[in-house]
Structures are given as C-alpha cells and as structure tokens.
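Here's the structure we're looking at; comments come further down.
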Amino acid sequence: MKRTLFLVLALAAHCSAAGLTRGDVVKLKRGDTLMLGGKKFQQAAKGQEFTVVKTDLANVFVAYTNGDGSVVAPSLPAENVEVITPDGWADIMAGADAFREQRWDDARRLFTRAGADAQQKPLAAALLPRVQGALTAGNLLRSLAADPARAATAQKGFLTTLQTLRDTAAQLNTTGRIALAVAIDDGAEKLAAAVLGANTAGIPATKLDKATLGARAVTAQRAVARARQSIGQHKLIEASALIDEGLKAEPGRLELVAFQTKLKKDMEEAEYLYKTADSMRTRGPKGVIHSLSALEDGLRLCSDHAGLRDLRKQMQAQYEERTSPLVNAAFMAKAKGGNDKALNEGRELYVNRCTECHDLEMLDSRGFSGWEKTVGGMARRAGLDGGEQSKIMAYIAAALNVVGE
Ligand code: HEC
C-alpha cells in the first residue's frame, strides 16, 4: 500500500509539467484553448508564447495581461507546450531583476549566460564586472567587521563600487533602457543596506527620478505582455498601437523593437492582400474567388485590418456562397440527391459550431476526403457527437457539388 502511494507520488512529481517553473517562457505546439476557472477563456494559436506562473500535474498556468493591466492565470495542457531558451536580452532583464531582489548568485549566473549571446555580449560585459565588483567589495567589508583599520579602506572601496552602479544606471537611462536602469539602481541600494545596515553615511545618491521611471518601466512591461498576446492572436493593428505606447514609455525596450521589426513584413503583406482583394472583386466570378482568397489570407495574417474587415463585410454574400451556400432550390438542383431538411441541419451545425474559433474556409480548399479528415480532427474541439459530425459531412458533400459547378 505504502509502495503504491510512493509510486504514485513519484509519477506525479515526474509528470508535473515536465520540470517547468515560474518565469519560464513556453510556446504552444499547436492551437489550443486557454481555460480559466473551468471555462473557455480564449483561443491561442500555435507558436504563441506565454510566461509560466505555476504548474500542476497536467497543466501549466500562464500569465495573461488584461486590457486594464490586471493579470490572470489561465491554464493550458502541459503536453502542448515547449519551453523556449531565453535569449541574451531576457537573461539580462532577469539578471537585473535578480540583482534587485538580492538573489546575487542568480544575477551572476544570468549576466554570465547573457554574455554568450553575441548581440548582448557588450552589455553583459559592462554589467557583470560592475555588479560582481560591488558584491565582492561588500563581502570583503563584511568580513572585516573585527578589523576597524582595514574596514575603513574597504568601506571606501565598497562606496566606490556603489557609485559605479549608480553611474551605470544613469547611463542605461540615457540610452532608454529604463527598466534595466531602475533595477540596477534599486539593487545597489539594497546591497548597500545589506552591507552597511544603519550606517548610511557616504552612500552615493541615485541619479534617477525613480518614481517617474518606475512607472514608465511598468507601462513598457505591460505593453510587452499585451503586444505579445495581440501578435499571437494576429491582431497586428492592436499590437502596433501597444508597441508604440510601450516605446514611448521606454525607447530602449528591446522586445518592443523586435516585435516592431517582425510586424512590419506581415503588415505590408496584409496591406498588399487588401489591395489585391479590393481590385479583383469586380473582375467577374474568377476575380471574386481570387479576391476572397486574398481576403482570407490577409485576415489570417492581420485579423484587425480595418480595410480587410470592411471588404469582408461587403463581400459577405459572395463569401457565404463559397464557404457555406444556403440550402435552397438552386442548391438542391445541383446537390445530386439528399434531403433538404437534413442538409440544412448539417449547414446550421457547420456555420454555428465551426465558427466559434475561426472563420470558415473556402469549400474548394480541399476535397471530400480532406474535409472528412479536418472535420474529424475538429470534432472534439467543436464538441460534436458522431451524428452531428455525419450531418455536417453530408452537407459538405452536397455543397462541394454546388460550389464545384
Ligand atoms: C475550439 C476552437 C475550434 C473549433 C470549435 C473549431 N476549430 Fe478549426 N481550428 C482551430 C484551431 C486552433 C486551428 C489552427 C490549427 C490547429 O491548431 O490545428 C484550426 C484549424 C482549422 C482548419 C485549418 C486546418 C489546416 O490544416 O490548416 C480548418 C479547415 C478548420 N479548423 C475547420 C474546422 C471545422 C470544419 C470545425 C467544425 C467541425 C472547426 N474547425 C471547429 C480551432 C477550432
């Protein structure tokens, strides 16, 4: 009995979300639904990135930032995420946070690892020795408590390293690296308090307006979190606005700069697809198909593009004709058999249940067997029973004849 319990516990520990811990960044292996309090919270796309808050046996709970800045922790199945190796910038940010929180070994480790990233090597090479220098000088001073003569010199040395950190923070601020500047400056203060205690004489003053800068760093951090979410949802217009807002608060926030670069190409492509869709729609039936497919590609890339959305609305009737034609007399004439009431039921299920998470695709995007596979694969997500699935397939089979005409 005891052994069984042990085995279960051992298994449990092993299964506990594959060694993921708080602060890890994970990426979705395929599209999935974020759950919050037992309810569907939001769709998340393949490749979308999240920061882990906690884990349990089968789930990871990730940070999700709402529009008002509040953070909730919806969950995802652990088997569907993989951990991402942090880049040098992430290590530097995490290292500065560790320094601020007096986790000095972590700070050293993270700054050292950041040095392996070619792009961040210069910054890591500037930060590590200065932080390291202050920590070493602090340790020396503490070890000399019983030796006042030598302690006086050591104290001078320590205060110099603190001044260097204050200056470094001021420099980081002038290059727009605000969060980093504040973390290093706060870290220096905490270190001074830890080493000198009440003996605060001679501690160099900060050169930063920390109330203002701290608030700006928070704004930028929020913008990073929300822009990442918006990009994951392909809301690129929303993401762009968040990036602009974040960069205004913290011009040197590298995540935002990187997002901006990544977005530029996709937004240009969406704009191009919009122009294509707009110009092709008046060029006969073939043009309409071309236009609809450009619209679909464009919206998949950038779901909140105003022009694409507007065009999509204008072309709703043509869209419906290509994705989910109504079951009427014209339909039945081309459908090659079937019962119109049953077909209509299949259509209703199809247009209602398969649009919970995304738009319908063009029927001619795949053949019957392709649809059979897709509907089979999506049935669980749509919560369809076998009978409902068959009804949808009967409708799609008939509609393929209608669209194919
Ligand atoms: C709960 C959300 C959800 C529901 C409901 C849903 N899908 Fe999907 N569907 C997705 C996601 C997410 C993807 C993205 C690809 C993936 O992750 O597999 C997707 C992708 C697709 C694709 C593209 C597949 C490919 O291979 O490119 C098609 C077609 C599709 N779904 C059809 C359907 C149909 C038909 C239904 C109804 C039976 C349906 N979906 C219901 C979430 C859903």
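Laboratory data are not the source of any read-out in this text; all were calculated from the coordinates shown. Remember, predicted model here, so these are calculated numbers, not experimental data. A quick note on method: Cβ atoms are made from the backbone with ideal geometry, for glycine too, and the neighbour counts reach across all protein chains shown.
Eigen-decomposition of the gyration tensor built on the alpha-carbon atoms of segment 53-145 gives equivalent ellipsoid semi-axes of 33, 17, 13 angstrom, largest listed first. Between S143, L128, L311, whose Cα lies farthest towards the positive end of the dipole of the chain when Lys and Arg beta carbons carry +1 and Asp and Glu beta carbons carry -1, centred on the Cα centre? Most positive-ward Cα: S143. What base-10 log of the normalised intensity I(q)/I(0) is obtained for the chain from the Debye formula, alpha carbons as equal point scatterers, at q = 0.06, 0.07, 0.09, 0.12 Å⁻¹? The computed values of log10 I(q)/I(0) come out as -0.39, -0.51, -0.74, -1.05.
For the residues Y272, Y395, Y319, what sequence is obtained by ranking on other C-beta atoms within 10 Å, fewest first?
The fewest-first ordering by Cβ neighbours comes to Y272, Y319, Y395.
With axes computed from alpha carbons, what is the tilt in degrees of helix 236-249 against the longest principal axis of the chain, rounded to the nearest 10 within 0 to 90? It works out to around 20 degrees.
For segment 88-208, the spread of Cα positions along the three principal axes, ordered from largest to smallest, is 45, 26, 20 Å. Structural descriptor for segment 88-208: relative contact order 26 percent, calculated from alpha carbon pairs under 8 angstrom and at least 6 residues apart.
Relative contact order, whole percent, for segment 16-83 stands at 37, derived from Cα pairs under 8 Å and 6 or more residues apart.
The angle between the Cα long axis of helix 88-100 and the main principal axis of the chain comes to about 50°, on a 0 to 90 degree scale. Sorted ascending by nearby beta carbons within 10 Å, beginning with the fewest, I178, I289 become I289, I178.
Each Cα pair under 8 Å and six or more residues apart adds its sequence gap; the mean of these over the residue count of the chain is a relative contact order of 9 percent. Each part gets one Cα centre, and for segment 299-338 versus segment 167-197 those centres are 58 Å apart. Report, in degrees rounded to the nearest 10, the 0 to 90 angle that the Cα long axis of helix 148-174 makes with the longest principal axis of the chain. Long axis of 148-174 versus the principal axis of the chain: about 30 degrees.
Fewest to most neighbouring Cβ within 10 Å: what's the order for V218, V62?
Working: V218 16, V62 25.
With the fewest neighbours first, V218, V62 line up as V218, V62.
Charge dipole (Cα centre; +1 on Lys/Arg Cβ, -1 on Asp/Glu Cβ; no other charges) of segment 208-345 amounts to roughly 140 debye.
Figure the gain on full extension for D56 and N139 (residue separation times 0.36 nm, minus the Cα-Cα span) and round it to one decimal in nm.
Going from the current span to full extension adds 26.0 nm.
Express in whole angstrom the spacing between the alpha-carbon centres of segment 378-402 and segment 19-76. Their Cα centres are 31 Å away from one another.
When Rg and the Kirkwood radius Rh are both evaluated on Cα atoms of segment 244-302, their ratio Rg/Rh stands at 1.25.
When a/c is below 1.5 the answer is rounded, else prolate if a/b is larger than b/c, else oblate, so apply that to segment 48-87 with a ≥ b ≥ c taken from the square roots of the Cα gyration tensor eigenvalues. Oblate is the answer for segment 48-87, as a/c is 1.5 or above yet b/c matches or exceeds a/b.
With equal scatterers on the alpha carbons only and no solvent term, can you work out the Debye log10 of I(q)/I(0) for segment 272-405 at 0.16, 0.21, 0.22 1/Å? Those come out to -0.84, -1.25, -1.31, one per q. Give the residues of segment 60-75 whose amide nitrogen is closer than 18 Å to a point set 7 Å from the Cα of E245 in the direction of its Cβ. Once the point is set 7 Å along Cα→Cβ of E245, 64-72 turn out to lie under 18 Å by backbone N, inside segment 60-75.
Sorted from longest to shortest, the spans of the Cα atoms of segment 218-318 along the three principal axes equal 52, 20, 17 Å. A Cα-only calculation for segment 16-83 places Rg and Dmax at 10.9, 32 Å.
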